[in-house]
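Remarks on the structure that follows.
Just so you know, all these numbers are worked out from the coordinates, no wet-lab data involved. None of the values given here were measured: they were computed from a predicted structure. Cβ atoms come from the backbone with ideal geometry, glycine included; neighbour counts cover every protein chain shown.
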Amino acid sequence: MTRTFLRLLALLMAVGLIAVACGGDDGGGGDEGGDDESTTTTTEAEEEDEPEDTTTTTTEVEEDDRDDAIGDFGDTVEDDLGDIPTDTTTYGEYVTVSDDSGLLSVEVPVEWNDVNGGEGLFGPDIIASTNVQEWIQTYNVSGLEFQATGLETNQSTDEILSAVSQGQASQCTSLGRQPYSDPLYTGVSEVFEDCAGTETDFAWVAFEPADQSYHGVIGVQITQQADVEALERALATFIVNV
């Protein structure tokens, strides 16, 4: 009887040990939780090691391409003219000027502080110079004219350029008409030199956007090398709200 009891006791103890062992396996969830923590730590470390996003947006690419196209155009103007006086090669500061209607704006050298924003030949117009009246009547001073309109004129950019450049065509030597294009605008340009017996030059650009919702012209009277820079700045910064 005693032996039978001891055998039963041993059997019960064995069953208890098996249950404890199984309970230890169930507790492995904690170990799995530990594995989760390890995985999380690894992921965080990997995220910290990832390089910063350096993706360039389409808009940034277009702006860079447009700046390059305008810069190339300015270089071509300088090459065509060749002997531009280099008394001033750059303007230190630019300001934004607007026409009287507020539809047009453009950046010009701060020295061009005489501004006329009245109506032009075919729409809103800005003339900026050191002296607007002298700019209109002579070739002695630097300055800019910017016109644009959304009204239908039934004219091509070629025809518009011919209309606004009549004075230069009769008083200056044309270096020929060339196509103009940048990622946003297309049109034509024409550079004139030695206007009215002076060393002053003049550059016109007539342009329109791809949807042809408006057309515009920018003309710069060039008395020194810095004025080519001013032409590039105008082409890069003009705004039309028509």
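When only alpha-carbon atoms are used, what values of Rg and Dmax, in angstrom, describe region 131-242?
Gyration radius and largest Cα-Cα distance of region 131-242: 13.7, 41 Å.
Can you work out the Karplus-derived ³J(HN,Hα) for every residue in region 93-99? Use 6.51 cos²θ - 1.76 cosθ + 1.60 with θ = phi - 60°, whole Hz, and x for glycine or proline.
Rounded to whole hertz, the list is 9, 10, 10, 8, 10, 10, 7.
Please tell me the relative contact order of region 58-240 in percent, rounded to the nearest whole number, where contacts are Cα pairs under 8 Å and at least six residues apart.
26
Which net charge results when you count Lys and Arg as +1 and Asp and Glu as -1 among the other residues whose beta-carbon is under 14 Å from that of VAL188?
Details: positive: ARG177; negative: ASP158, GLU159, ASP182, GLU190, GLU208.
It works out to a net charge of -4.
Can you list the residues, at least 5 places off or on another chain, whose amide H is less than 5 Å from the amide H of THR186, using H built in the peptide plane?
GLU208
Starting from the amide H of VAL95, placed 1.01 Å from N in the peptide plane, find each other amide H under 5 Å away whose residue is 5 or more places distant or on another chain.
For VAL95, the qualifying residues are VAL108, VAL110.
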